[in-house]
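Below you'll find the structure, written out as structure tokens, and then a few comments.
The values are calculated or read from the model by the stated rules, or taken from the named source; none is laboratory data. Just so it is clear, the model here is predicted, and its values are computed rather than measured. Heads up, the Cβs are rebuilt from the backbone with ideal geometry, glycines too, and the neighbour counts pull from every protein chain shown. Protein only, heavy atoms only, side chains kept; ligands, DNA and RNA dropped before computing areas. Shrake-Rupley method; radii C 1.70, N 1.55, O 1.52, S 1.80 Å.
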Amino acid sequence: MKTLNLSLGLSERLLTALALLVLALSLAASGWLWRWDQLLYDLQIDLWSKAPAEDVVIVAVDERSLADFGRWPWPRGIHAQLIDVLSRADARAIAMDILFAEADRHSPEGDRQLIQSVADSGRVFLPVVMEEYRLGGQLVETMPMPELTTVAAGLGHMHMDLDADGIARGIFLYEGLGEAHWPHMMLALLNWLAPADWPLQTGPTSLAADRQKINRHSYRLIPFSGPPGHYPRYSYSQVLKGDFLPDAFKDRIVLVGVTATGLGDVLPTPVSAHNRPMPGVEINANILDVMRDRRTIATTGEAVYLFCTGLLVLVPFFLYPYFPTRLVPVVTVALGTLLMTATLILLHGFHLWFPPAVAMLGLLVSYPLWSWRRLELTVAYLKLELGKLPDEQQVLPARQPSTDLVSALGFLQQLMPLQGWVLVNRRGRTLHQWGEAPEAPYTEFIQGVWQRQGAELWTELQRPGEVWRLGLRWPRTQVPKGRALQLLEDFAARYSQQEELESARTLEQVERRILEVQKTNDRLAQLRGFINAALGQMDDGLLVVNSLGLVVLANPRAVLYLGREPGSALAGETALD
């Protein structure tokens, strides 16, 4: 019979951990749980809510302005007037989220006014857009008119990526066709305001770069300061009419864009979702605000993310063995809580986002998976150990089959002065009898316990599917007691266990193994009792000593001959003493 290798538990734990590690890394690499990561990120985004920056103002092309100036697009002269008004109001910088890519053939004078106003202001920033002329067509970088490009304070892209669920959460600081040479307009504006604090990255230009591929880097999540309408806003027509306080725009950064329904870009964000999208110009206000406060959030790199996720999944399998089984669920909950706490600390303390969904799933799955494998290992061990018991049958008291009951009663006839016996079922039908068989009384008996009725002893034996009653008749002066009665009790106990064994077939595997272990312990207890009884009848003193010289077993005669008090236990003492 094979013995269970002591290293099997460690091997099983390693194999289980490895299986979960492979599963977790597969989920992490495939991004299968990205929705849960986005949900966890969005749930805590409200913690970033703050009052809007006092020096960031929006001038909006809204419904009121459309009513005053007519349908969009407007003549370039109107935009020139706005830039003049804001410049005279001492605006610190003006970011136009409006693309002037082509000359206005119907109003060349308006173009000249716009170019002159931008040049005179010296603080106007204009967007660069990467777009397709037609669906599936060539990608191009659409820039402002060359005359505007040369006089603008700076250019930058205004693109904001949408996640797979259609929500806008972050931007790439640098983006472009072939090479990521365009900074985000808000980054270009900050560089213009404070070049030392906001230096721009200038990467090498590759002649072999694919001009049909958008290249981008430095992704940052934007923790929005508030929902749509969070930043102060003026209507475009309101500004042109002079309907504002004299210092309304003094030393302020003014963002100009479209907010009217059906015009411009509006995107769902974590603070607005699909039911109330946020205009692009207000998104840019949030970007400017959080970038200036250095609150943008970087994401962990792919390699770091996979490594940390794998490490977190493996941790439980090295902790569980050192805790009591009842505390393992508490350990699992504690690890999950620590993971979420660490995620929030990284996010809010270090502005680093670690997607925790896969690691959290690994922690939650680790406990049932570990429990399942440990349970399988335990059942296998019990099965292996119980399989050895047939080899010990010659030592342990064996259960007797029901067919040997009559033969066993014949043995009792030879051993004791029986006058007769009878075996009946619960309905009173006689199954077997011998000699002067007693008549079954109508009283109830306790299974396996002998009860006296005059010179008769009666008991009940539990059999598969039924109950038998066994009655023994003795000479009135020789009814057994003491050791003789103990022998009868052992006899009854052996024949009252079959029903329990049969019922064990309906139990599940673990319960069945536990029941078998309990029965084995009972049989071992009987064996110990048998050995103690046998040693107790010996006239010689007996000591059993182990290899360390310690007494492990002693009979009563040894205690008497060594001059000890009756009932003293010599086990554990040194044999030489």
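Some notes on this structure:
- Per-pair calculated FRET efficiency, R0 = 56 Å: L346 and T520 via Cβ, rounded to 0.05: 0.55
- Surface accessible to a 1.4 Å probe, I345 within the full protein complex, Å²: 90 Å²
- When the residues S218, S237 are ordered by accessible surface, computed with a 1.4 Å probe over the protein chains alone, the sequence from largest down reads S218, S237.
- Cleavage-rule hits, GluC sites (Glu not before Pro), segment 43-106, DSSP coil, Cβ neighbours within 10 Å at most 10: E54, E102
- Between the amide H of G420 and those of E436, R473, distances stay under 5 Å, these residues lying 5 or more places away or on another chain, with hydrogens modeled in the peptide plane.
- Nitroxide proxy distance, nm - points 7 Å out along Cα→Cβ at V333 and V544: 4.7 nm
- The chain - percent relative contact order, Cα under 8 Å, separation 6 or more: 13 percent
- P(r) of segment 294-388 over all Cα-Cα pairs, binned every 5 Å from zero, in whole percent: 2, 12, 19, 18, 14, 11, 8, 6, 4, 2, 2, 1, 0, 0, 0
- Between the amide H of L553 and those of V544, distances stay under 5 Å, these residues lying 5 or more places away or on another chain, with hydrogens modeled in the peptide plane.
- Average Cα contact separation per residue, segment 144-279, under 8 Å, 6 or more apart, as relative contact order %: 24 percent
- Accessible-area ranking of V266, V118, largest first, probe 1.4 Å: V266, V118
- Treating each Cα of segment 50-179 as an identical point scatterer and summing with the Debye formula, the log10 of I(q)/I(0) at q = 0.11, 0.17 Å⁻¹ comes to -0.48, -1.10.
- Segment 282-320 and segment 447-475 have Cα centres lying 77 Å from one another.
- With K and R counted +1 and D and E -1, the other residues having a Cβ less than 11 Å from that of R292 yield a net charge of -2.
- Sparsely packed chymotrypsin sites (Phe, Trp or Tyr not before Pro) within segment 418-471, loop by DSSP, other Cβ within 10 Å at most 13: Y442
- Area projected by the alpha carbon convex hull of segment 109-162, averaged over all directions, nm²: 4.8 nm²
- Computed from backbone phi with θ = phi - 60° and the Karplus coefficients 6.51, -1.76 and 1.60, the 3J(HN,Hα) list for segment 54-65 is 6, 9, 10, 10, 10, 10, 10, 7, 10, 4, 4, 5 Hz; x is used for glycine and proline.
- In summary, the lysines within cross-link reach of K383, defined as a Cα separation below 26 angstrom excluding same-chain residues under 8 places away, comprise K2, K519.
- Shape call, segment 290-335: gyration tensor on alpha carbons, a/c limit 1.5: oblate
- Normalised per residue, the volume of the convex hull around the Cα set of segment 246-332 (Å³): 208 Å³
- Virtual spin-label span in nm between S11 and R35, 7 Å along Cα→Cβ: 4.1 nm
- Normalised by residue number, the volume inside the convex hull of the Cα atoms of segment 83-123 is 71 Å³ per residue.
- Placing a pseudo-label 7 Å from each Cα along the Cα-to-Cβ vector at R528 and V406 gives an inter-label distance of 3.9 nm.
- Kyte-Doolittle at least 1.6, axis length at least 27 Å by Cα - qualifying DSSP helices, the chain: 8-30, 328-350
- MRE, 222 nm, helices only [DSSP H, n ≥ 4, -39500 (n - 2.57), over the chain, to nearest 500]: -13000 deg cm²/dmol
- The trypsin sites (Lys or Arg not before Pro) of segment 217-296 that DSSP puts in a loop, and whose beta carbon has at most 13 other beta carbons within 10 Å, are K241, K250, R294.
- Using only alpha carbons, segment 401-452 has a radius of gyration to Kirkwood radius ratio (Rg to Rh) of 0.95.
- Given [x] 49.6; [y] 41.2; [z] 43.0, the label whose value is mean projected area of the Cα convex hull in nm² derived from this model: [x]
- Here segment 308-364 is treated as a Stokes sphere of Kirkwood radius computed over C-alpha pairs; at 10 °C and 1.306 mPa s its diffusion coefficient rounds to 134 µm²/s.
- Solvent-accessible area, 1.4 Å probe, carbon plus sulfur percent, for the chain: 57 percent
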